[in-house]
Amino acid sequence: MPTEIYQKIAETNTWGAIAPELALAILALSLLVLEIVLPKVAHGVIPRVAILGQLGILAYVFTTTCAGTCVTGEAFGGMLSFDNTGQLFRMFFLVTSVFVSYLGMVSLENKTLPQVEYFHILLVITAALMLLAQASHFVMLFVALETATVGFYILVSYFRNQVVSLEAGLKYLIMGALSSTILLFGIVLLYGAGSNPALAGSSLDPLNFGNLGVFLSANSSDSLALIGMLLVISGVAFKIGAFPFQIWIPDVYQGAPTPTTALLAVASKGAGFAMLMRLADLFSPLGEWMYPLLSTLAVLTILFGNLAALTQRNLKRLLGLSGVSHAGFLLIGVVAARSVEWASTAVMFYLFAYLLASAAVFAVMVHLGKDDDSDLTLDDLGDLAHKNGFLGMALAVGIGSLAGIPPLAGFIGKLLIFVAAFEAELYGLLAVAVIGVVVSIYYYFGILKSAFFEVWRFQDDDEETPEEPVPGASLRFFGKVAIVLAVAGTIVLGFYQNPLSSLLGG
Amino acid sequence: MNDFASLVQFSIVVPLAAAFLTLFVRNWGRPAVQIVSVTGFALPLLFALFLWGLYDPSTPGGYAFVSQVDTGLSIIGVSLHLGLNGVSLPLFVMASVVGMAAGLYAAQSKAEGLHKYLFCLLIMQAGLMGVFASIDLFFFYFFHELALIPTFVMVGIWGGRDRNYAAMKMTIYLTLGAMLSLVGLIAIYVKSGAESFDLIALKAHLSAAPLAESVQHYAFGLLLFGFGILVSLWPLHTWAPLGYGAAPSSAAMLHSGVLKKFGLYGLVQVAVPLLPEGVGQWENWIIWLALGNILIVGLIAMAQRDLKQLIGYSSVMHMGYAFIGIAAMSVLGVGGAVLMMVAHGLTVALLFMLSTMIHHRTQTFELDEMGGLARKAPVLAAFFVCAMMASIGLPGPGLANFWAEISMFMASLELRSWLVYAIVAGIVISAIYGLRAIARVFFGEETDEFKEAQKEVAVVDMNWAERVPALILIVVLFFIGFFPKTVTKPLNDALNSEPVYAQAEDTK
């Protein structure tokens, strides 16, 4: 019996369909080879090779999307299924990892730490996340997720000579292991329920999304399946940082190296929503239970994220908590997708806007020129606009977009989510979202205030002032291009959404 | 008539382009920045005046100079749909006039980082021109926010006393107002089922199938309070005097003069035609809150000792009249409210500008420390007296405000006959504080503080750089005062073509 399954799987092994992921893996390996082959003085070229390679893969994915020739349907015996959304997530993760590679290049410069491994692991994580977004089988989903998560453990504690980084790594390890366990337990329960021959719609391979969907629509009140669903959603909630699984976020964001924080903030959140959108579809027969659950999560997440961020002065913790509230807004979109078809488009738009804005903000952070990013506070931004106007402008656009201020992309994202929520008649969620936006203005404004408005500071004449880091000293041509791209993308998408909405197929 | 549609687009694009150009030419020195930015304000003014002359009130469909561009939000029925009708045209012209005056005044000011200051001001001007030219509700909102953001920046960086607190308070209040009105607009979009944010499409759709009464009730409520916060409806007005007190003069001119009218314009152009029953349901709320604006805020204005605060409160107070005009639901009342918006925009901008000029001479805004300025600066005194008379609404000098107030008097008689007493009391209040301010600043003996200030800076009368922007405002004010028909004719035709007012007449 099992051999038949393997035969069936082997027949559908269309390796060409996962060419981008394979290419990333090969690129990752060749980086390690390059480190051995190249003389030490030439090691600086390796991150550039990584970035160029990723850009090439991105171009390939982009062309296969636009030409409409990308593979659709299932492959590998139902392990993966390809569609337009999956293709978009591929691009999302690739763009993210290009930005993170750049951030890594800047912040690993002049550090006595292994360099190449960072990019190697980053590429592996990206490939895993790309597979995760297209998984249509729980085994595939779990393996891809764990591959990414193990990589994250390493990247979070990458600054092994800093206590905060190690502590963050440990925290992330414990919390991540816990959430993986919860997720796995949920999957096992679903397997147990779905393979029970006594129930209608049971199958030999209930972890396949298609088979499980058939089973769930036949048994929409099976208690085992319900608990399984609850646990799986909890595991995903950890990834996106939804309440009450957000407790790891401030500490880990603060301790992790800034590029890793950016990766966690954008890629990990994106992966969570990629999973959640597929799973929400799959669990829609259990919608009676799942949607109230997701709505409650959304409300608590928005309220917690915004209220906790109010008094925060540490920049990375603040961004972490603001990210929590963004997860809440995105959850509204997922809930709205139940009855409004285009709501998933709104979620995608929001994610891309969030990606561009975060890229700008994190790029500013690595260029502030402080040795240790983890205790970066709002005061360190003081007079950024005077010291380096270019970074000041990038920060203003990034933060403005995160705050959802028109005419920036973040506003369009929020608007689409709001309209979708209204069409889905989610008035309560909408009210909470409005309160969340107004509250969030306070802390986003605080960031801009410290960067732009003159703030009186205590100065002791007797004490010698320590040498102030110069913002933007590490900024080179390549960095300027990256920041300009993020900023220009944010502004253009605020005025003119056609480039993205034609991709989204809306 | 759509031949000149590109002029409407240009009056939005030109200030935007000029804004970015000022950043590039800053290395060429101050005159280059000044020339670029003044051009950025002057061209929209010329375009607006040209379109005003060209406008034909009998345009079919009400909108002239229409253009439509798809920006990629067709998924929710949004497109950049621009055009002008009889209601928006006067405000469009007013925005360009006030923008010109504010721009000229800013260009000759001694602000630190002049190019950045003018950059913010030009972005704001682009937003303002866009607000009144938008037929699409989304872009209507979008342009408002585009104009609003630079206000916060300008208050925060170039503001006076308490600027950080004022900027923060303004930001939070105005964001709340904007969010509420956004939800209200979304409610109209979703509930109408027209699949479009386009005002023309929505009007056509809703006149065939009006919204349910309950929907109209809450949607109008959202818009009333959302727009209400933006227009400083009592008791949500507290951001306004504080913010204007702290704002640099050109920002205060553009915000109080033009941007604040966004909320009223939204009520007139969107809420009343689309949600006519909502007006009736909320009628008592509007009347009582507007009375709060007129009487309570009026009394507060009387108690002010600070000239800029006084003007800020008086501008809040005058919004009450406009709300009552709208609540009357008649062509007379709503038309009066629109005329009031135009006249008040010009007047309050002039007052804010003159008060800054007074400050340059006396080094203070405290009324108690001023006196006798008329002897040293007679032209400034003449301008200020004229502007204050206009603000009070005195008929004498042939100013636009009088026509607005008289039509709203008559409208309020139809609404509730006793309202007219409250409004007259309001006029008396504004006469008291207005005339007292004139007396304190310009007449009487010179105070010791003023004599001290004169030792530091010699007091001279207005120079031409100051006179030109003031003259622009006052000439338009007189022009509309003597020839109100140039504004009221298109306005009247546009309002008469709205079926809701005729229906409201019938039910009364």
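Every number in this text was worked out from the coordinates using simple rules, so none of it is lab data. Values in this document were obtained by computation on a predicted structure and should not be read as measured data. All Cβ positions, glycine included, derive from the backbone under ideal geometry; neighbour counts span all protein chains shown.
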If amide hydrogens are placed 1.01 Å from N in the peptide plane, which non-local residues have theirs closer than 5 Å to the one on A:THR377?
A:LEU315
Sequence-distant aspartates and glutamates (8 or more away, or on other chains) whose Cα lies within less than 14 Å of B:LYS485
B:ASP56, B:ASP493
Contact order normalised by length for chain A, with contacts defined as Cα pairs under 8 Å and 6 or more residues apart; what percent is it?
13 percent
Could you derive backbone 3J(HN,Hα) for the range B:312-324 from the dihedral phi with the Karplus parameters 6.51, -1.76 and 1.60 (θ = phi - 60°), listing whole Hz in sequence and x where the residue is Gly or Pro?
x, 5, 5, 5, 5, 4, 5, 5, x, 4, 4, 4, 5
Provide B:ILE406, A:ILE240, B:ILE392 in ascending order of the number of other Cβ atoms located within 10 Å of each residue's Cβ, fewest first.
B:ILE406, B:ILE392, A:ILE240
Along its three principal axes, how long is the range B:342-484 when you only count alpha carbons? Whole Å, largest extent first please.
57, 29, 19
For chain B, alpha-carbon Rg relative to the globular expectation (2.2 N^0.38 Å, N residues):
0.92
Cut-off under 5 Å, modelled amide H: who pairs with B:ALA247 long-range:
B:GLY160
Would you work out if the range B:281-347 is rounded, prolate or oblate? Take a ≥ b ≥ c from the square roots of the eigenvalues of the alpha-carbon gyration tensor; rounded if a/c is under 1.5, else prolate when a/b is larger than b/c, oblate otherwise.
oblate
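Give me the mean projected area, in nm² to one decimal, of the convex hull enclosing the Cα positions of the protein assembly as shown.
Values: hull surface 176.3 nm².
Averaging across all directions leaves 44.1 nm² for the Cα convex hull.
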Karplus ³J(HN,Hα) for the range B:354-364 (6.51 cos²θ - 1.76 cosθ + 1.60, θ = phi - 60°; Hz, whole; x = Gly/Pro) runs 5, 5, 5, 5, 4, 4, 4, 8, 9, 6, 7
Using alpha carbons only, how many degrees (0 to 90, rounded to 10) separate the axis of helix A:287-309 from the longest principal axis of chain A?
10 degrees
Label-point gap, in nm, between B:LEU435 and B:THR39 - each point 7 angstrom along Cα→Cβ:
5.0 nm
Return the sequence-ordered ³J(HN,Hα) values of the range A:207-218 in whole Hz as given by the Karplus equation 6.51 cos²θ - 1.76 cosθ + 1.60 applied to θ = phi - 60°, using x for Gly and Pro.
7, 5, 4, x, 4, 5, x, 4, 5, 5, 6, 7
Whose amide H sits under 5 Å from the amide H of B:HIS81, counting only residues 5 or more places off or on another chain, with H placed in the peptide plane?
B:VAL69, B:ILE135, B:ASP136
Treating each Cα of chain A as an identical point scatterer and ignoring solvent, apply the Debye formula and state log10 I(q)/I(0) at q = 0.11 Å⁻¹.
-0.91
Please go through the residue pairs A:LYS111/A:LYS171; A:LYS414/B:LYS261; A:LYS387/B:LYS169; A:LYS449/B:LYS116 and name each one whose alpha carbons sit more than 19 Å apart in this structure.
A:LYS111/A:LYS171; A:LYS414/B:LYS261; A:LYS387/B:LYS169
